[in-house]
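J.: One structure, as structure tokens, below. Some questions next.
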Amino acid sequence: QLQASGGGLVQAGGSLRLSCAASGIIFQFYSLAWYRQAPGNQRELVATITSGGSTNYVRSVERRFTISRDNAKNTVYLQMNSLKPEDTAVYYCNARSTQRVDYWGQGTQVTVSS
């Protein structure tokens, strides 16, 4: 299971850090990701981190968001800085096994006010 937390209401320009704690999987072997879904929009891939630590970001969050993982704590993080109203969405964490089996967290709401 994946348990996401850390969402909330923040003013534009502010920061939030999302966390997603995993249980029941061999965390270190999984690729991890954060997705988001705004009302009326499809779910969008925001950032990924491989088991080896390589990261990728959607262009709209590059240089503002940082994905990281702590294998000792079975946790993946998303540090979000310089938040914009268009970052408002429900954020979901994802863990994908080497067999491409996906696990999802329950989502955490991020709201950025202008």
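The values are calculated or read from the model by the stated rules, or taken from the named source; none is laboratory data. Fair warning: this is a prediction, and the values are worked out from it, not measured in the lab. Quick reminder, even Gly has a Cβ in these numbers, built from the backbone with ideal geometry, and neighbours come from all protein chains shown. Protein only, heavy atoms only, side chains kept; ligands, DNA and RNA dropped before computing areas. Shrake-Rupley method; radii C 1.70, N 1.55, O 1.52, S 1.80 Å.
J.: Looking only at region 63-86, which residues are outside any strand (DSSP E or B), touching a residue at least 12 places away in the same chain (Cβ under 8 Å) and closer than 17 Å to F29 by Cβ?
T.: N71, K73, N74
J.: Looking only at residues that are of a type in the set (A, V, I, L, M) and not in a strand (DSSP E or B) in region 23-53, which one is modelled with the highest pLDDT? Write out each step before concluding.
T.: Kept after step one, since they are of a type in the set (A, V, I, L, M), are these residues of region 23-53: 25-26, 32-33, 38, 45-47, 49.
Next, from what is left, pick out any that are not in a strand (DSSP E or B): 25-26, 38.
Numbers: I25: 85, I26: 86, A38: 96.
So the residue we want is A38.
J.: Run down L2, L45 and say which single residue is buried (at least 18 other Cβ atoms within 10 Å of the Cβ) and of a type outside the set (G, A, S). Lay out the reasoning, then the answer.
T.: Details: L45 fails: buried (at least 18 other Cβ atoms within 10 Å of the Cβ).
Result: L2 is the single residue among L2, L45 that is buried (at least 18 other Cβ atoms within 10 Å of the Cβ) and of a type outside the set (G, A, S).
J.: Also: Between S54, S31, which is open to solvent by 60 Å² or more (accessible area, probe 1.4 Å) and under 15 Å from R96 (Cβ atoms)? Spell out how you get there, then give the answer.
T.: Values: S31 fails: open to solvent by 60 Å² or more (accessible area, probe 1.4 Å).
Step by step, each of S54, S31 is checked, and only S54 is open to solvent by 60 Å² or more (accessible area, probe 1.4 Å) and under 15 Å from R96 (Cβ atoms).
J.: All but one of (1) modelled with pLDDT under 95; (2) touching a Cys at 6+ places or on another chain (Cβ under 7 Å); (3) of a type in the set (A, V, I, L, M) hold for V76; state the number of the condition that does not hold.
T.: Just one mismatch for V76, condition (1).
J.: Just to check your reading of the model, which residue among S68, S97, S15 is open to solvent by 50 Å² or more (accessible area, probe 1.4 Å) and among the polar types (S, T, N, Q)? Write out each step before concluding.
T.: On the way: S68 fails: open to solvent by 50 Å² or more (accessible area, probe 1.4 Å); S97 fails: open to solvent by 50 Å² or more (accessible area, probe 1.4 Å).
Of S68, S97, S15, the one residue that is open to solvent by 50 Å² or more (accessible area, probe 1.4 Å) and among the polar types (S, T, N, Q) is S15.
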